[in-house]
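As structure tokens, the structure follows; a few thoughts come after it.
The values are calculated or read from the model by the stated rules, or taken from the named source; none is laboratory data. No experiment lies behind these values; they were computed from the predicted model shown. Positions of Cβ are backbone-derived with ideal geometry, glycine not excepted, and every protein chain shown enters the neighbour counts.
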Amino acid sequence: MIIEKLLLMLIGIAALVIQMIYFLLDDRAANNNPLDLNLKKYWHWAGGALHIWLGYAISRIYNDWHWGLLMASLTWYFFDGMVNSFVLKKEWWYIGTTAWIDKFQQQVAKAIHIEPRLFSALLKHVLLIFSILYVTKIL
């Protein structure tokens, strides 16, 4: 369907442009003020949209949602870990304080009395393992 293809392209381009614009603006702005927090919020949301977009695009390319789930889990696992380790100079499982998914993980970890980085690691491992098992038809 041509409308779906056009929407998929437009959403991907828009999310990429929004993320990069706000990321660059954030890079040039002073940290820890209301403007900085808004800039971070916008580029995190756009980055999240890119992750979802990529998983959806892969699922449509292969006509199987299992491949989209695998793409999403691989992206979450490796993108976060590499950015944390190589850019932020933090540990692989670092949990930030800006992205809504980081805040959510921290809240859940606190509620179940587990260290947030451990919770994030477990969550990412479980999602990756299940997505591999789904793609290989073991589950």
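Observations on the model:
So that you can scan it fast, the table gives a plain yes or no per residue for (1) among the β-branched types (V, I, T); (2) touching a residue at least 12 places away in the same chain (Cβ under 8 Å); (3) not assigned by TED's automatic domain parsing to the domain that holds W76:
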position: Y94; (1), (2), (3): no, yes, no
position: T98; (1), (2), (3): yes, yes, no
position: I101; (1), (2), (3): yes, yes, no
position: Q105; (1), (2), (3): no, yes, no
position: H113; (1), (2), (3): no, no, no
position: L118; (1), (2), (3): no, yes, no
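- Residues of region 98-123 satisfying the condition of being acidic (D, E) and modelled with pLDDT of 95 or more: E115
- Subset of region 17-34 (residues that are of a type in the set (A, V, I, L, M) and modelled with pLDDT under 90): A29, A30
- Which numbered condition Y94 fails, given (1) assigned to a helix (DSSP H, G or I); (2) surrounded by 16 or more Cβ atoms within 10 Å (Cβ to Cβ): (1)
One line per residue, one yes/no per condition, for (1) in the same structural domain as W100 (by TED's automatic domain parsing); (2) closer than 19 Å to D102 by Cα; (3) in a helix (DSSP H, G or I):
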| site | (1), (2), (3) |
| --- | --- |
| L39 | no, yes, yes |
| L50 | no, yes, yes |
| A57 | no, no, yes |
| D80 | yes, yes, yes |
| N84 | yes, yes, yes |
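- Listed by first and then second residue, the pairs linking a residue in region 120-139 that is in contact (Cβ under 8 Å) with a residue 60 or more places away in the chain and not assigned by TED's automatic domain parsing to the domain that holds K103 to a residue that is small (G, A, S) and surrounded by 17 or more Cβ atoms within 10 Å (Cβ to Cβ), with Cβ atoms under 6 Å apart and 6 or more places separating them unless they lie on different chains, form an empty list.
- Checking each residue in region 98-139 for being over 22 Å from W65 (Cα atoms) and hydroxyl-bearing (S, T, Y) picks out T98, S120.
- D26 vs. criteria surrounded by 16 or more Cβ atoms within 10 Å (Cβ to Cβ) and either not assigned by TED's automatic domain parsing to the domain that holds L139 or not in a helix (DSSP H, G or I) (or both): yes
- Every condition in (1) part of a helix (DSSP H, G or I); (2) crowded, with 18+ Cβ neighbours inside 10 Å; (3) touching a helix residue (DSSP H, G or I) at 6+ places or on another chain (Cβ under 6 Å); (4) assigned by TED's automatic domain parsing to the domain that holds F130 is met by A15 except one, and the failing one is (4).
- Beta carbons closer than 6 Å, at least 6 apart along the sequence or on distinct chains, pair a first residue in region 66-77 that is closer than 14 Å to I129 by Cβ with a second that is part of a helix (DSSP H, G or I) and of a type in the set (S, T, N, Q) for L69/S131; L70/S131; S73/S131.
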